[in-house]
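Below: one structure, written as structure tokens.
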Amino acid sequence: MTLIKENTAVQEMYASLKAKLHDVVPDFELRYKAELAVEINRLKVERNAVILGHNYMEPALFHSIPDFVGDSLELSRKAAQTDKDVIVFCGVEFMAETAKILNPSKTVLLPAEKAGCSLAASITAEDVRRLKAQYPGVPVVTYINTYADVKAECDICCTSGNAVAVVNSLDAERIIFIPDEYLARNVAAETGKKIIVPSLQSNIGLEGVDSYDFIGWHGRCEVHEKFTVEDIRNVRAQFPDVYILAHPECSPDVVAASDFSGSTTAMIRKVEASHAPRFLLLTECSMGDNIMGANPDKEMLRLCSVRCPHMNQITLEDTLASLEKMQYEIHVPEEIRVRAARAVQRMIEIG
Ligand code: 13P
Ligand code: SF4
């Protein structure tokens, strides 16, 4: 870590970060991060860039450099609307790719070379083509946590913030819903649909099953699949007045045992609007710190053994290097981009 430069912009940034994060980040680290953030913000102007930050970014980054923070849906909208030359996406690769799909004339940068996602890695374009051959004419809904070539094979995209609205917008008896098994099961439960998840080997387990509305896939979020009903029982035993919020990438049992389920931004809004004495978020654990930074009166319990290794790739140091060296640029072949854009645009129109 370098010594802090005594200039006004750094002092102001340090004071603003300290006001929000004094309980979360040690002081010497805040000073160092304030210096990095000021340099990033200076370069951002020089490059005519916009910085988009997902709700899972680490607290000092989240509260210093993004022009906009939000969930996947909100950030897709901001990416589509920006007139800046450069979009720096502080999130993971599928999010940066979605920005490029929606706004192809811009230079889109992801600060870390490898910031993937277990859901996006769980399915290929060839898998989707096979599913479509197996269930001809059945529309395919893809969660936004997929890569561009997979989106290009699908009819419509959705996020955790609009999955139910997207499903309800389709006039279809059956739907293929990929790749998150748990999100598909949660949406099926909420919309009163019956779901099957075919095994990887042919139709094992489907013999005799003829009435179903959703065909799912076996993808899982490596973070959210770790939360269990046992965790919830243990926390409620110790803190009976806790209000528990679960992301819909958690298992249906965990969602059912929680008090609320919604996208990352929906969870933040719920905490801000609620007067519960304490909260437990079943999601990536930086978000609890970010909420506390903006709302010091909220008491957040932490299950911080659970972090997203991909979101955690994005640091202030790498974001600075990204703007200095204009790395790592996202490219999507035009033929794939055009087809993927149809699915994403169709979702954006729904809301
Ligand atoms: P949101 O769209 O709710 O922000 O979720 C993105 C994500 O990857 C959650 O794990
Ligand atoms: Fe992917 Fe899960 Fe990380 Fe979200 S939290 S980016 S779904 S691995």
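The values are calculated or read from the model by the stated rules, or taken from the named source; none is laboratory data. Small disclaimer: the values here were computed from a predicted structure and weren't measured. A quick note on method: Cβ atoms are made from the backbone with ideal geometry, for glycine too, and the neighbour counts reach across all protein chains shown.
Restricting the first residue to segment 46-71 and requiring it to be without any contact (Cβ under 8 Å) to a residue 40 or more places away in the chain and within 16 Å of ligand 2 (Cβ to nearest atom), which pairs with a second residue that is outside any loop (DSSP other than H, G, I, E, B) and among the aliphatic types (A, V, I, L, M) meet a Cβ separation below 7 Å and a spacing of at least six or different chains? Short answer, once both residue conditions are applied: 53/61; 53/69. Filtering segment 158-170 for residues that are touching a Lys or Arg at 6+ places or on another chain (Cβ under 7 Å), closer than 20 Å to residue 213 by Cβ and modelled with pLDDT of 95 or more leaves an empty set. Given the structure, is residue 139 more than 16 Å from ligand 2 (Cβ to nearest atom), touching a Gly at 6+ places or on another chain (Cβ under 7 Å) and without any contact (Cβ under 8 Å) to a residue 40 or more places away in the chain? No: the conditions fail for residue 139. As a summary of the residue check, residue 269 satisfies the conditions (1) surrounded by 16 or more Cβ atoms within 10 Å (Cβ to Cβ); (2) out of contact with any Cys (no Cβ under 6 Å at 6 or more places or on another chain) except for the one numbered (1).
For segment 230-248, the set of residues classified as out of contact with any Phe, Trp or Tyr (no Cβ under 6 Å at 6 or more places or on another chain) and surrounded by 17 or more Cβ atoms within 10 Å (Cβ to Cβ) consists of 231, 232, 235, 242, 244, 246, 247, 248, listed by residue number.
Just one residue in the set 182, 135, 147, 143 is over 25 Å from residue 270 (Cα atoms) and either polar (S, T, N, Q) or crowded, with 17+ Cβ neighbours inside 10 Å (or both); that residue is 147. Considering each residue of segment 158-177 in turn, at least one proves to be under 30 Å from residue 304 (Cα atoms), out of contact with any Gly (no Cβ under 9 Å at 6 or more places or on another chain) and aliphatic (A, V, I, L, M). Is it the case that residue 109 is surrounded by 20 or more Cβ atoms within 10 Å (Cβ to Cβ) and under 30 Å from residue 45 (Cβ atoms)? Yes; evaluated as a whole, the condition is true for this residue. In segment 82-93, the residues that are of a type in the set (D, E, K, R) form Cβ pairs under 9 Å with partners that are within 16 Å of ligand 2 (Cβ to nearest atom) and at pLDDT below 95, at six or more places apart or across chains, as follows: 93/114.
Counting only helices (runs of 4 or more DSSP H) that sit wholly inside segment 1-87, those with at least 1 residues that are more than 24 Å from residue 287 (Cβ to Cβ) and over 25 Å from the mean Cα position of the chain (by Cα) are 8-21, 27-46.
Scanning segment 293-326 for residues that are away from ligand 1 (no atom under 13 Å from the Cβ) and polar (S, T, N, Q) gives 295, 305, 313, 315, 319, 322.
If you filter segment 77-99 down to residues that are touching a Leu at 6+ places or on another chain (Cβ under 8 Å), within 19 Å of residue 318 (Cα to Cα) and not hydrophobic (A, V, I, L, M, F, W, C), you find that the one that is surrounded by the most Cβ atoms within 10 Å (Cβ to Cβ) is 91. Would you call residue 74 surrounded by fewer than 24 Cβ atoms within 10 Å (Cβ to Cβ) and within 16 Å of ligand 2 (Cβ to nearest atom)? Considered against the rule, which asks whether it is surrounded by fewer than 24 Cβ atoms within 10 Å (Cβ to Cβ) and within 16 Å of ligand 2 (Cβ to nearest atom), residue 74 comes out as yes. In segment 93-115, the residue that is nearest to residue 335 (Cα to Cα) out of those that are within 16 Å of ligand 2 (Cβ to nearest atom), in contact with a helix residue (DSSP H, G or I) (Cβ under 6 Å, 6 or more places away or on another chain) and not in a helix (DSSP H, G or I) is 110.
Of the numbered criteria (1) more than 16 Å from ligand 2 (Cβ to nearest atom); (2) surrounded by 22 or more Cβ atoms within 10 Å (Cβ to Cβ); (3) within 30 Å of residue 155 (Cα to Cα); (4) aliphatic (A, V, I, L, M), the one residue 336 fails is (2).
Given the structure, is residue 65 within 22 Å of residue 177 (Cα to Cα), at pLDDT 95 or above and of a type in the set (A, V, I, L, M, F, W, C)? Considered against the rule, which asks whether it is within 22 Å of residue 177 (Cα to Cα), at pLDDT 95 or above and of a type in the set (A, V, I, L, M, F, W, C), residue 65 comes out as no. Looking at segment 39-71, which of the residues that are small (Gly, Ala, Ser) and within 16 Å of ligand 1 (Cβ to nearest atom) is surrounded by the most Cβ atoms within 10 Å (Cβ to Cβ)? Result: 53. Among the residues making up segment 282-299, those that are touching a residue at least 24 places away in the same chain (Cβ under 8 Å), closer than 17 Å to residue 63 by Cβ and either outside any loop (DSSP other than H, G, I, E, B) or more than 15 Å from ligand 2 (Cβ to nearest atom) (or both) are 286, 287, 289, 290, 292, 293, 294, 295, 296, 298.
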